[in-house]
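**Student:** Here's a structure for you.
Each reported figure results from applying straightforward, stated rules to the coordinates on display, with no laboratory input. Computed from a predicted structure; not experimentally measured. When we count neighbours, we look across all protein chains shown, and the Cβ atoms used for this are built from the backbone with ideal geometry, even at glycine.
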Amino acid sequence: MCGIFGYVGSRNDAAIMAVEGLKSLEYRGYDSWGIAWKEEGNLSFRKEIGKISGVDGTTLSENCTLSIGHTRWATHGGVTQENAHPQFNEDRTIAVVHNGIFENYQEIRNELKAKGHVFVSETDTEIAPHLIEEYMKEGNDFARSVQLACRRFTGRYAVVAVHTTSDTLVAARTGSPLIVGVERGKGYFVASDTPAFLRHTKTVQYLDDGEMLVTDGKTILFWDILTGEEHPKREIEITTNIAEADKGKYAHYMLKEIMDQKESVARAVNQDEAEILAVADAIRNAKGTFLAGCGTAGKACMAAEYFFSVIAKHHVNFTPASEFKLYHHFLQPQSLLIVVSQSGETADVLEAMNVAKAAGSKVLSIVNVAGSSIDRASDYTLHINAGPERAVASTKALTGQLAVLLLTAYALAGKLQEGKKLLLEVSSMINDMLNPRYVDRLEALAGKIKEKEDLYIIGKSWNYPMALESAIKIQEVSYIHAEGFAGGELKHGPIALIEERTPCIVLAGNDEVLPDILSNAVQLKARGAQVIGVSPESNEIFDEWIRVPDAGPAQAIVNIIPIQVLSYFLAVQRGKDPDMPRNLAKSVTVK
Ligand code: F6R
């Protein structure tokens, strides 16, 4: 949440680059934005409410070599120009952009107020430039003052700071992501994510928690915030290309990413076999295997409980990552925590990992973003290789996560080749499914139900977590009230919600639970529901039938895809922006 950017080097369009860089970080927050740049010894700035995507930055200064920028997802204080970043000290000699939360900001703010500092925003961030100023007054140089300030902050944060008297960028992180882009001979970028500088360089250096850096554009130094010890960093070449991070011919990233699933599932399946087998061994030998993730990734974990049970006859426990710390009593050094995360930066997941590590347990992560905090903090990692996912609503990451989890269950059952064969077949089924006629049919269905206020989805077995996931997808992009249930739970309460023509989606497969879910569908129909079946076979109970291929144990993967497409069209037809839903952000780096 919140995207931050910084540049220093020999290019003289630093302000323009800040605007362009922030556009690629907008998925992290889009209620307001701001930049500051250094020009003739002063810090100039521009801060605005709203999205940066339509902003033309080309009229900005072409005479500046240092800039910072921020795109905001509000935590402390409403969406106002004062609360947008950068935040400044009173005489505007210091500017700071910040992602995360300074948990002890009230204490520091009161302390600074007592010393005469005047604050103009409601943000926690504003304490940073004021505190840095205090340390500078004591005779410390700028970088040292940032270091001393960071030692005072508690919570999770990444910051980039600049000062009028210094031609350097100073940045630090504890808990929130910050990556350096190295453009050899030309300068350095720092950003919350690589797309912010991808058009200039693919050479990166990763800042770790508790570290800071200072760069003047020619050299860069990294050190430990607490000890001051220098931490030299390797330069790493990343493989992401700009085209992958772009929406190409599609109107929205969400639709592009849904379509990417024609290839992305096959990429997820293409794992190093030795690594998958090592992971299967780790699960087999663990005393207790736990799965944790948030939102959509959490639903992948929940589906994996069924995969491991049905395919490998192995018990694993899923809990939402935000609840995981309550399970610490069950953890031992021989336990294994499997975390699933697209971004690899989700704060609740990082916290769950810390809980497991504190008990001496090992952590396996299944992530999309290589080099992310979760990736680097894990004992083992499997990458889903979905390519950049920019739309807030997760689509191709989910199917990649499901594919890797299913493959792992097959490996654990000693049937890796069988699992691989199934999933590669599923990949070509998805390719066939996502044809223009199929998409048009879902667009037409969206037209029929777009005015509805409530929508329910039921499923059983691995289709139950997919019913929950369907509800997330529909809610977050179309704002229709949608809820998912286990089919068998209807009669225990939710069926009271069904009225004449309430749309109810039934997720089914050709499996042993088909008779049960069909009988739940009959119960809905008897109360007047409009039953929309998503299944390989049609049935007379269905008012509408969305055909999906028969994918056996991988049914969850193919069943969720038409719901993703339907959600997309519900959003568009209701006039909503599916890529940037209200109140949300892509990477949830606060707890
Ligand atoms: C919903 C969605 C979220 C994420 C959740 C976890 O479409 O995208 O529910 O799944 O915030 O994010 P990651 O996977 O990055 O840990």
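**Student:** By how many nm would the segment from GLU537 to ARG582 lengthen if fully extended, with 0.36 nm per residue of separation less the alpha-carbon distance? Walk me through the numbers before you get to the answer.
**Tutor:** Details: separation 45, 0.36 × 45 = 16.20 nm, distance 3.68 nm.
Extra length from GLU537 to ARG582 when fully extended: 12.5 nm.
**Student:** A further question follows. Using Cβ counts within 10 Å as a stand-in for footprinting exposure, how do TYR479, TYR464 rank, fewest first? List each step's numbers first, then the result.
**Tutor:** Numbers: TYR479 15, TYR464 27.
Fewest-to-most Cβ neighbours within 10 Å comes out as TYR479, TYR464.
**Student:** Please get the size of the charge dipole for segment 291-437, origin at its Cα centre, with Cβ charges of +1 on Lys and Arg and -1 on Asp and Glu, quoted in debye to the nearest 20. Write down the numbers at each step before the final one.
**Tutor:** Details: 12 positive and 11 negative charges, 45 e Å.
Its charge dipole is roughly 220 debye.
**Student:** Pull out a ≥ b ≥ c, the square roots of the eigenvalues of the alpha-carbon gyration tensor of segment 3-238, then state rounded if a/c is under 1.5, prolate if not and a/b is larger than b/c, and oblate in the remaining case. Walk me through the numbers before you get to the answer.
**Tutor:** Working: a/c = 1.43, a/b = 1.14, b/c = 1.25.
The shape class here is rounded.
**Student:** While we're looking at this one, here's another question. So for segment 3-238, taking the charge dipole from beta-carbon charges (+1 Lys/Arg, -1 Asp/Glu), which of VAL97, LEU178, ILE236 sits furthest toward the positive end?
**Tutor:** In segment 3-238, that residue is ILE236.
**Student:** Next question, about the same structure. Full extension from ALA114 to ILE238: what is 0.36 nm times the residue separation minus their Cα-Cα distance, to one decimal in nm?
**Tutor:** Numbers: separation 124, 0.36 × 124 = 44.64 nm, distance 4.76 nm.
Length gained, ALA114 through ILE238: 39.9 nm.
**Student:** For ILE546, list long-range residues whose amide hydrogen, built 1.01 Å from N in the peptide plane, is under 5 Å from its own amide hydrogen.
**Tutor:** Residues meeting the criterion, in which the H sits 1.01 Å from N, are GLY533, VAL534, SER535.
**Student:** LYS249 to GLN573: FRET efficiency via 1/(1 + (r/R0)^6), r the Cβ-Cβ distance, R0 22 Å, to the nearest 0.05? Mind dumping the intermediate values first?
**Tutor:** Working: r = 20 Å, r/R0 = 0.92.
So the FRET efficiency works out to roughly 0.60.
**Student:** Show me the GluC sites (Glu not before Pro) within segment 308-378 that DSSP assigns to loop and that have at most 11 other Cβ atoms within 10 Å of their Cβ.
**Tutor:** Numbers: sites: GLU323, GLU345, GLU351; in loops: GLU345.
Here no loop site has a sparse enough neighbourhood.
**Student:** Shifting gears a bit: What is the ratio of the Cα radius of gyration of the chain to 2.2 N^0.38 Å, with N the residue count, to two decimals?
**Tutor:** Dividing the Cα Rg of the chain by 2.2 N^0.38 Å gives 1.00.
**Student:** Could you tally the net charge around GLY248, taking each other residue with its Cβ under 12 Å from the Cβ of GLY248, Lys/Arg +1 and Asp/Glu -1? Write down the numbers at each step before the final one.
**Tutor:** Values: positive: LYS247, LYS249, LYS256, ARG390; negative: GLU244, ASP246, GLU257, ASP260.
Its environment carries a net charge of 0.
**Student:** Pop the C-beta distance of ASN63 and SER519 into the FRET formula with R0 = 56 Å and round what comes out to the nearest 0.05. Mind dumping the intermediate values first?
**Tutor:** Numbers: r = 72 Å, r/R0 = 1.29.
Given R0 = 56 Å and the Cβ-Cβ separation, E is 0.20.
**Student:** Quick one: compute the contact order of segment 247-434, relative version, from alpha carbon pairs under 8 angstrom and 6+ residues apart, as a percent.
**Tutor:** Details: 357 pairs, mean separation 57.0, N = 188.
Rounded, it is 30 percent for segment 247-434.
**Student:** Suppose R0 equals 45 Å; then what is the FRET efficiency for ASP224 and ASN285 from their Cβ-Cβ distance, rounded to the nearest 0.05? Walk me through the numbers on the way to the answer.
**Tutor:** Values: r = 35 Å, r/R0 = 0.78.
My answer for the efficiency is 0.80.
**Student:** Take GLU275 and LEU424, extend 7 Å from each Cα along the Cα→Cβ direction, and tell me the distance between the two endpoints in nm.
**Tutor:** Computed distance between label sites GLU275 and LEU424 equals 1.8 nm.
**Student:** Next question. Tabulate in residue order the Karplus-calculated ³J(HN,Hα) for segment 285-294, using 6.51 cos²θ - 1.76 cosθ + 1.60 with θ = phi - 60°, rounded to whole Hz; enter x for Gly and Pro.
**Tutor:** 8, 6, 8, x, 10, 10, 10, 9, x, 10
**Student:** Something else: What is the order of THR203, THR125, fewest Cβ neighbours within 10 Å to most?
**Tutor:** Numbers: THR203 15, THR125 28.
By the 10 Å Cβ count, ascending: THR203, THR125.
**Student:** Using helices alone, what [θ] at 222 nm do you get for the chain, with -39,500 (n - 2.57) per DSSP H run of 4 or more residues, divided over all residues and rounded to the nearest 500? Mind dumping the intermediate values first?
**Tutor:** Numbers: 15 runs with 203 residues, N = 591.
Dividing the helical sum by the residues of the chain leaves -11000 deg cm²/dmol.
**Student:** Let me ask something else. Evaluate the relative contact order of the chain (contact order divided by residue number), counting alpha-carbon pairs under 8 angstrom at least 6 apart; express in whole percent. Could you put the intermediate results ahead of the total?
**Tutor:** Numbers: 1384 pairs, mean separation 70.2, N = 591.
Value for the chain: 12 percent.
**Student:** Might you report the magnitude of the Cβ-based charge dipole of segment 125-270 about its Cα centre, with Lys and Arg at +1 and Asp and Glu at -1, to the nearest 20 debye? All intermediate terms of the calculation are to be shown ahead of the outcome.
**Tutor:** Values: 18 positive and 22 negative charges, 101 e Å.
That gives segment 125-270 a dipole magnitude of about 480 debye.
**Student:** With a sphere of radius 10 Å drawn around the Cβ of GLU544, what net charge do the other residues whose Cβ falls strictly inside it have (Lys, Arg +1; Asp, Glu -1)? Walk me through the intermediate numbers first.
**Tutor:** On the way: positive: ARG441, LYS448; negative: ASP543.
With Lys, Arg at +1 and Asp, Glu at -1, the net is +1.
**Student:** Would you mind pulling out the separation of the Cα centroids of segment 204-282 and segment 494-549, in Å?
**Tutor:** A separation of 41 Å, based on Cα centres.
**Student:** For segment 125-225, run through the GluC sites (Glu not before Pro) and keep only the ones in DSSP coil with at most 15 other Cβ atoms within 10 Å of their Cβ.
**Tutor:** Working: sites: GLU126, GLU133, GLU134, GLU138, GLU183, GLU211; in loops: GLU126, GLU138.
Answer in residue order: GLU138.
**Student:** How far apart, in nm, are two points set 7 Å out from the Cα along the Cα-to-Cβ line at GLU323 and at ASN104?
**Tutor:** Between GLU323 and ASN104, the simple spin-label model gives 3.3 nm.
**Student:** If Lys and Arg each add +1 and Asp and Glu each add -1, what is the summed charge of the other residues whose beta carbon sits under 15 Å from the beta carbon of SER478?
**Tutor:** Numbers: positive: LYS448, LYS450, LYS452, LYS473, ARG574, LYS576, ARG582; negative: GLU443, GLU451, GLU453, ASP454, GLU469, GLU476, GLU483, ASP577, ASP579.
Overall, the nearby charge balance is -2.
**Student:** Still on this structure, please answer the following. LYS47: which lysines have alpha carbons under 16 Å from its alpha carbon, excluding same-chain residues fewer than 8 sequence positions away?
**Tutor:** Within reach: LYS23, LYS38.
**Student:** Going 7 Å from the Cα of SER309 toward and past its Cβ, which residues in segment 448-488 have a backbone nitrogen under 17 Å from where you end up?
**Tutor:** 459-469, 485-488
**Student:** Any idea what % of Cα-Cα pairs in segment 187-290 are farther than 21 Å?
**Tutor:** Working: 3274 of 5356 pairs.
Of all Cα-Cα distances in segment 187-290, 61 percent exceed 21 Å.
**Student:** Rounded, prolate or oblate: which fits segment 247-434 when a ≥ b ≥ c are the square roots of the eigenvalues of the alpha-carbon gyration tensor, with rounded for a/c under 1.5 and prolate only if a/b beats b/c? Present the calculation step by step, with values, prior to reporting the outcome.
**Tutor:** Numbers: a/c = 2.08, a/b = 1.34, b/c = 1.55.
It comes out oblate by the Cα gyration axes.
**Student:** Limiting things to C-alpha atoms, what are the Rg and the maximum Cα-Cα separation (Dmax) for segment 437-577, in angstroms?
**Tutor:** Rg, Dmax (Cα atoms, Å): 13.5, 40.
**Student:** Kindly flag which residue pairs out of LYS450/LYS491; LYS396/LYS576; LYS256/LYS299; LYS420/LYS450 have an alpha-carbon separation exceeding 32 Å in this structure. Intermediate values should be presented prior to the final figure.
**Tutor:** On the way: LYS450/LYS491 26 Å; LYS396/LYS576 21 Å; LYS256/LYS299 22 Å; LYS420/LYS450 38 Å.
Pairs exceeding the cut-off: LYS420/LYS450.
**Student:** Turning to a different aspect of this structure: Place +1 on the Cβ of every Lys and Arg and -1 on the Cβ of every Asp and Glu in the chain, take the dipole about the Cα centre, and give the residue among LEU131, VAL349, ASN385 whose Cα lies farthest towards its positive end.
**Tutor:** With unit charges placed on the Cβ atoms, the residue in question is ASN385.
**Student:** Tell me which trypsin sites (Lys or Arg not before Pro) from segment 188-240 have a DSSP coil assignment and no more than 16 other beta carbons within 10 Å of their own. Spell out each step's value before the answer.
**Tutor:** Values: sites: ARG199, LYS202, LYS218, LYS233, ARG234; in loops: ARG199, LYS202, LYS218, LYS233, ARG234.
Taking segment 188-240 and a limit of 16 other Cβ atoms within 10 Å, the loop trypsin sites (Lys or Arg not before Pro) found are ARG199, LYS218, ARG234.
**Student:** Could you give each residue of segment 67-77 its phi-based ³J(HN,Hα) in whole Hz, using Karplus coefficients 6.51, -1.76, 1.60 with θ = phi - 60°, and x for Gly or Pro?
**Tutor:** Karplus values, whole Hz, x for Gly and Pro: 8, 9, x, 7, 10, 9, 10, 4, 10, 9, x.
**Student:** Compute the acute angle (0 to 90°) between the alpha-carbon long axis of helix 436-449 and the principal axis of greatest extent of the alpha-carbon atoms of the chain; round to the nearest 10°.
**Tutor:** Approximately 90 degrees, to the nearest 10.
**Student:** Past the 24 Å Cα-Cα mark, which pairs from LYS287/LYS325; LYS51/LYS262; LYS202/LYS586?
**Tutor:** On the way: LYS287/LYS325 18 Å; LYS51/LYS262 31 Å; LYS202/LYS586 22 Å.
Pairs exceeding 24 Å: LYS51/LYS262.
**Student:** Using alpha carbons only, how many angstrom separate the centre of segment 152-201 from the centre of segment 403-422?
**Tutor:** The distance from the Cα centre of segment 152-201 to that of segment 403-422 comes to 40 Å.
**Student:** Tell me the relative contact order for segment 477-591 as a rounded percent, counting alpha carbon contacts under 8 Å between residues six or more apart. Don't skip to the end; give the middle numbers.
**Tutor:** Values: 138 pairs, mean separation 31.1, N = 115.
With pairs under 8 Å counted, the relative contact order is 27 percent.
**Student:** Return the whole-Å distance between the Cα centroid of segment 64-85 and the Cα centroid of segment 439-475.
**Tutor:** 36 Å
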